[in-house]
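The values are calculated or read from the model by the stated rules, or taken from the named source; none is laboratory data. Just so it is clear, the structure is predicted and the values come from calculations on it, not from any experiment. Here Cβ is always computed from backbone atoms with ideal geometry, including for glycine, and neighbour counts include all displayed protein chains.
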Amino acid sequence: MKLGDIAAKLGCTVEGDEELEITGVAGIEEAQSGELTFLVNRKYRPALETTRASAILVARDAGLVRIAALRSANPYLDFARAIEMFHPSPRYAPGVHATAVVAISAKIGAGAHIGPYCFVDEDVEIGANAVLHSFVSIYRGARVGDDFFAHSHACVREGCHIGHRVLLQNGVIVGSDGFGFAREASGRWHKMRQAGIAVIEDDVEIQAQSAIDRATVGETHIGRGTKIDNLVQVGHACKVGEDTLLCGQVGLAGTTHVGNRCILAGGVGSAGHLTIGDGATVTARSGVPSDVPPGAIYSGYPAMDNLAWRKSVAVFNRLPELQKELRELRAEVARLRGTSN
């Protein structure tokens, strides 16, 4: 593909030979002749001097570069779009595989692909052009929108609702039972019937081995455009807003409310029955025991304002030194008292 053609599709400005033939894409350190790379993180600026790439996506104000360049308002986004040009998603032929089990009452949209050993239960509705790759289970009464894609061993449980263009990676469970138990007088635990559902809005991606629990009553709700990483646990009756990121191993206890455009970094855990406001960021491995204000950056355990946390950590790192100084001051005070007597 010509560099000029790529620029036209991405809406970038070309610096260099528009007729340059580009054969693929790669990272700046691994790229070879004929490949397009990108530069966003300043950490990789020195690699620009040694890269073998033939062209590079850079910001409009990134300064001079020694190879052909595509100037972009968002190089990272445009590199993602360039990857799609050279590595388009595979296509799946419409139809139902001979080993799949599809209930007679199920409604399957036009162009849908039901792969090997899939199971579609009674009264299920699946939209147009959906793909169930293999070993996918859709339980009774579930509703699935258009352009849905479920990789192998994904499961949508009974009565749950999935929007359009939702992507479930391998092993995702939508609508598994919430963790609800009531203690009996004997001390034993009585399982609470999980009578609610889980609702996933349009354009959500849920990555491998994550679980979105159904509500005890009502619904667990994931908002449009939210992206959920591997091994995330969303507890019963949680509400997650639009365009939010839940990174790897995040755990939300029941009835946590997370706003729009939030970022919960890897390993964040929240107590239940609290609210994380719109636009908030919680940094990795933080524990959230109470509400987080909109737009705040919180860190640590118990999670607090990031600046306060950093100051606390700075003090914590000096505790041995401060302890030594305190002992010396006590000894000096005791000596002065003894002298005065």
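Give the number of residues within region 299-341 that are under 42 Å from the mean Cα position of the chain (by Cα), of a type in the set (S, T, N, Q) and in a helix (DSSP H, G or I).
So the count comes out to 3.
Do you know which of the residues in region 203-219 that are aliphatic (A, V, I, L, M) and not in a loop (DSSP other than H, G, I, E, B) is nearest to residue 146 (Cα to Cα)?
Among those that are aliphatic (A, V, I, L, M) and not in a loop (DSSP other than H, G, I, E, B), it is 206.
Could you list, in sequence order, all residues of region 58-70 that are surrounded by 15 or more Cβ atoms within 10 Å (Cβ to Cβ) and out of contact with any Cys (no Cβ under 7 Å at 6 or more places or on another chain)?
Step one: filter region 58-70 for residues surrounded by 15 or more Cβ atoms within 10 Å (Cβ to Cβ), giving 58-59, 62, 65, 67-70.
Hits for region 58-70 are 58, 59, 62, 65, 67, 68, 69.
Filter region 11-44 down to the residues that are loosely packed, with under 15 Cβ neighbours inside 10 Å, among the small types (Gly, Ala, Ser) and under 27 Å from the mean Cα position of the chain (by Cα) and list them by number.
27
Go through region 285-298 and give me each residue that's in a loop (DSSP other than H, G, I, E, B) and either of a type in the set (Ser, Thr, Tyr) or not assigned by TED's automatic domain parsing to the domain that holds residue 268 (or both). Let's see the steps before the verdict.
Kept after step one, since they are in a loop (DSSP other than H, G, I, E, B), are these residues of region 285-298: 285-286, 289-291, 293-296.
Once the filter is applied, which keeps residues that are in a loop (DSSP other than H, G, I, E, B) and either of a type in the set (Ser, Thr, Tyr) or not assigned by TED's automatic domain parsing to the domain that holds residue 268 (or both), region 285-298 yields 286, 290.
Show the residue pairs meeting these rules: Cβ distance below 6 Å; 6+ apart or different chains; first residue within region 318-341 and without any contact (Cβ under 8 Å) to a residue 40 or more places away in the chain; second residue surrounded by 10 or more Cβ atoms within 10 Å (Cβ to Cβ).
Here the result reads none, with nothing in region 318-341 linked to a residue that is surrounded by 10 or more Cβ atoms within 10 Å (Cβ to Cβ).
Conditions: (1) crowded, with 17+ Cβ neighbours inside 10 Å; (2) over 25 Å from residue 170 (Cα atoms). Residue 73 meets all but one. Number of the miss?
The single condition residue 73 does not satisfy is (1).
Just wondering, is there one or more residues in region 98-115 that are in a strand (DSSP E or B), small (Gly, Ala, Ser) and modelled with pLDDT of 95 or more?
Checked against the condition, which is being in a strand (DSSP E or B), small (Gly, Ala, Ser) and modelled with pLDDT of 95 or more, region 98-115 yields no hits at all.
For residues in region 220-235 being in a strand (DSSP E or B) and without any contact (Cβ under 8 Å) to a residue 24 or more places away in the chain, which is surrounded by the most Cβ atoms within 10 Å (Cβ to Cβ)?
Here is the first cut: in region 220-235, the residues in a strand (DSSP E or B) are 220-222, 227-228, 233-234.
Now restrict to residues that are without any contact (Cβ under 8 Å) to a residue 24 or more places away in the chain: 221, 227, 233.
Working: 221: 20, 227: 16, 233: 18.
Across region 220-235, the extreme among qualifying residues is 221.
Which of the following residues is exposed (fewer than 13 other Cβ atoms within 10 Å of the Cβ) and either of a type in the set (S, T, N, Q) or in contact (Cβ under 8 Å) with a residue 12 or more places away in the chain (or both): 82, 93?
Answer to the selection: 93.
When you go through 147, 177 one by one, which is the residue that is on the phi > 0 side of the Ramachandran plot and out of contact with any helix residue (DSSP H, G or I) (no Cβ under 9 Å at 6 or more places or on another chain)?
Step by step, each of 147, 177 is checked, and only 147 is on the phi > 0 side of the Ramachandran plot and out of contact with any helix residue (DSSP H, G or I) (no Cβ under 9 Å at 6 or more places or on another chain).
Within region 157-165, identify whether any single residue is of a type in the set (A, V, I, L, M, F, W, C) and within 25 Å of residue 213 (Cα to Cα), and answer yes or no.
yes
Please go through region 190-202 and pick out each residue that is closer than 19 Å to residue 143 by Cβ, in a loop (DSSP other than H, G, I, E, B) and not small (Gly, Ala, Ser).
Selection gives 194, 201, 202.
Taking the criterion of being surrounded by fewer than 20 Cβ atoms within 10 Å (Cβ to Cβ), free of Cβ contacts under 8 Å to residues at least 40 places away in the same chain and in contact with a His (Cβ under 9 Å, 6 or more places away or on another chain), would at least one residue in region 188-207 satisfy it?
no
So if I check each of 93, 31, which one is assigned to a loop (DSSP other than H, G, I, E, B), modelled with pLDDT of 95 or more and closer than 30 Å to residue 137 by Cα?
93
Assess whether residue 171 counts as being assigned by TED's automatic domain parsing to the domain that holds residue 228, part of a loop (DSSP other than H, G, I, E, B) and under 24 Å from the mean Cα position of the chain (by Cα).
So residue 171 fits the description; yes.
Among the candidates 339, 283, 255, which residue alone is of a type in the set (S, T, N, Q) and under 24 Å from residue 196 (Cβ atoms)?
After applying the criteria, what remains is 255.
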